[in-house]
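The values are calculated or read from the model by the stated rules, or taken from the named source; none is laboratory data. Note that the structure is predicted; figures quoted are calculated from it, not measured. Positions of Cβ are generated from backbone atoms using ideal geometry, with glycine treated the same way; all protein chains shown enter the neighbour counts. Quick note on the areas: whole protein, heavy atoms, side chains included, nothing else; ligands and nucleic acids left out. Shrake-Rupley method; radii C 1.70, N 1.55, O 1.52, S 1.80 Å.
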Amino acid sequence: MYLNNIKPFLDFLSSIIGVILLFPLFIVVTVLLCFVNNGKPFFFQLRPGKNGKIFKIVKFKTMNDKRDSKGALLPDSERLTKIGNYVRKTSLDEIPQLLNVIKGEMSIIGPRPLLTNYLHLYNDFQNRRHEVKPGITGWAQVNGRNAISWDKKFEYDVWYVENISFTLDIQILYRSISKVLSSEGINAVDSATIEPFDGE
């Protein structure tokens, strides 16, 4: 009952409240990112949701589109702007995903939606993360986020799917706020972002 009825209602209600309360901050961050990203404050990307259904996620754009002499994008660490770095450290880049939650594509709590080109790489165990809606934060995020291995990330995601409850979601939400305040686990070691998943 919680997963199919109570959780979606709480997601919708809390997202509406969140959008209203965070709207002034949303405007400020949007304006600042417009200046450093050539008028492009938002990042859109296709991601797999529940049962692998594809949707378009929206986040604040923390990296610019600078390229080298051959036209290839520079490494993530070189494209991460100072404002973008702050937005990422404080997890403000996740705020626009409240719109995805309102649309019913995401949940506040759930496995993070990964890239679509990983879909064919998952084994049956890893693919279980798609049995529920993806979340803005989740069990893997409060247990290491980008600082843990892919194996651990999938292990945490599937554990959440098997143990989902209101009490667990409250625990994850509380720990997520603590992680944000301490900026813990934002980046992988020696990298601005986590290494791509290769199926190994």
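Annotations for the structure displayed:
- Once C-alpha pairs closer than 8 Å and six or more residues apart are averaged by separation and normalised to the residue number of segment 1-115, the relative contact order reads 29 percent.
- Against the rule of thumb 2.2 N^0.38 Å, how large the Cα Rg of segment 41-82 comes out: 1.48
- Karplus 3J(HN,Hα) series, Hz, for segment 14-23 with 6.51 cos²θ - 1.76 cosθ + 1.60 (x for Gly, Pro): 5, 6, 4, 4, x, 4, 5, 5, 8, 4
- Mean accessible surface per residue for the chain, computed with a 1.4 Å probe while every protein chain stays in place, in Å²: 55
- Relative contact order, percent, the chain [alpha-carbon distance under 8 Å, six or more residues apart]: 21
- Kirkwood-type hydrodynamic radius, segment 76-155: 14.0 Å, calculated from all non-identical alpha-carbon pairs.
- Hull volume in cubic angstrom per residue (convex hull over the Cα atoms of segment 1-66): 93
- Alpha-carbon gyration tensor eigenvalues x 5, square-rooted, for the chain, Å: 26, 21, 16
- Comparing S107, S69, S165 in a Gaussian network model of the chain, where Cα atoms under 10 Å apart are tied by springs, the biggest mean-square fluctuation is seen for S69.
- Segment 37-132 - charge dipole about Cα centre, Lys and Arg +1 at Cβ, Asp and Glu -1, debye rounded to 20: 160
- Residues whose amide H lies under 5 Å from that of S107, counting only those 5 or more places away or on a different chain, are G135, I136; hydrogens are built 1.01 Å from N in the peptide plane.
- When a 1.4 Å probe is rolled over the protein heavy atoms, the share of accessible surface on the chain that falls to carbon and sulfur comes to 61 percent.
- Dipole check for the chain: with +1 at the C-beta of Lys and Arg, -1 at the C-beta of Asp and Glu, and the Cα centre as origin, the magnitude is about 620 Debye.
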